[in-house]
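Okay, structure first, notes after.
The values are calculated or read from the model by the stated rules, or taken from the named source; none is laboratory data. Keep in mind it's a predicted model, so treat the numbers as computed, not measured. Quick reminder, even Gly has a Cβ in these numbers, built from the backbone with ideal geometry, and neighbours come from all protein chains shown. When the accessible area is computed, the model is the full protein with side chains, heavy atoms only, and any ligands, DNA or RNA have been set aside. Shrake-Rupley method; radii C 1.70, N 1.55, O 1.52, S 1.80 Å.
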Amino acid sequence: MSIPIDSLPAENRQRLREKFETLPTNQHTGGWDDLWQQEFTPWDRKGPSLALKDAITGHPEVFGGPVKSEGGERKRAFVPGCGRGYDVLLLSSLGYNTYGLDASQTAVETARKYKTAHEDDEVYAPHDATIGRGEAKFIFSDFFKDDFFSETNGGKFDVIFDYTFLCALPPELRQDWTKRMSELLAPDGKLVCLEWPLGKDPKEGGPPHGLTSSLYEALFSRPGEKVRYNESGVVEPDQGIEKNDDSLVRVAHYRPERTHEAGKTSDYISIWKHWKS
């Protein structure tokens, strides 16, 4: 059972709310860049997600290896809303060619500097010396547009990781987020979600906006379509949503043994795939 949490101090939560509550949805990206320029990044976890590493290395039957059997080509990983790029470097250390995307130019520049300074840190050492490290690239672009495909050699990824990205989006963009995730996930790909913040009252607003595991299920049942919420802001169960060709299904859901301090009492990992794969 998760407990109500929000790891950000009250003054930080208030500052974030004030920054975004009056901004139109299409101007939110500029708001994030302003905060990066001000070096106001209270969501920064100071390191990569060990829950992500354990999910991939602990479930070889789900993910396989980071190299395709045919031709020895590396698989491709994607981290939208990558921030300082910790998880991009982590996935690279696992052998994937990894692309981090952020709509903040300042965040991307910060990630590139962090890579130069820290790529050889022990935490990012190649997981398998025989496979080595994959590419790690940071891109300034809009998640909902295709402009970045020229820098990622296409728009399909074998592994996608979401953490503190869905919760940062305005709720009215959630159906667009699920549609886009389904579009970007390769036919045999896997989407890993580190679900956070769970247990936070959705009516408190955000960012970060409170999420629930049932919300992920409802969203992925029929990507691109709106879901219904009750008066408390919680997704309504049993919405009678039939799957479509874009639907994703959950193949694993569990409390990770290792995760960031902010979610130790509530985090869940969920792993998703195309339901027709």
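Points to keep in mind about this one:
- Assigned charges on the beta-carbon of Lys, Arg, Asp, Glu; the chain dipole about Cα centre (debye): 260 debye
- Dimensionless Rg over Rh [the range 96-208; C-alpha; Kirkwood]: 0.98
- Helix screen, the chain: no DSSP H segment has Cα axial length of 18 Å or more and mean Kyte-Doolittle hydropathy at least 1.0.
- Annotation: amide H of K68 within the under-5 Å range of E73, R74, K75, sequence separation 5 or more or interchain, hydrogens built in the peptide plane.
- Percent accessible area from carbon and sulfur atoms, the chain, protein chains only, probe 1.4 Å: 46 percent
- Residues whose placed amide H lies under 5 Å from that of W196, excluding near-sequence neighbours: T164
- Beta bridges by DSSP in the chain, antiparallel share as percent, to the nearest 5: 40 percent
- Between the range 90-121 and the range 239-274, the alpha-carbon center distance in angstrom: 24 Å
- Under the Debye formula (equal points on every Cα, no solvent term), log10 I(q)/I(0) of the range 1-137 at q = 0.13, 0.14, 0.20 Å⁻¹: -0.67, -0.75, -1.16
- Helix-only CD estimate at 222 nm, as mean residue ellipticity for the chain, using -39500 (n - 2.57) per DSSP H run (n ≥ 4): -8000 deg cm²/dmol
- Accessible surface comparison of W177, W275, W43, probe 1.4 Å, protein chains only, largest first: the order is W275, W43, W177.
- Amide proton proximity set for A252, modelled H, under 5 Å, gap of 5+: I271
- Heavy atoms of H59: accessible area, 1.4 Å probe, square angstrom to 10: 40 Å²
- Compactness ratio for the chain: Cα radius of gyration over 2.2 N^0.38 Å (N = residue count) comes to 0.95.
- Solvent-accessible surface of the range 1-127, taken per residue with a 1.4 Å probe and all protein chains present: 48 Å².
- The range 25-81 versus the range 201-227: alpha-carbon centroid distance in Å: 20 Å
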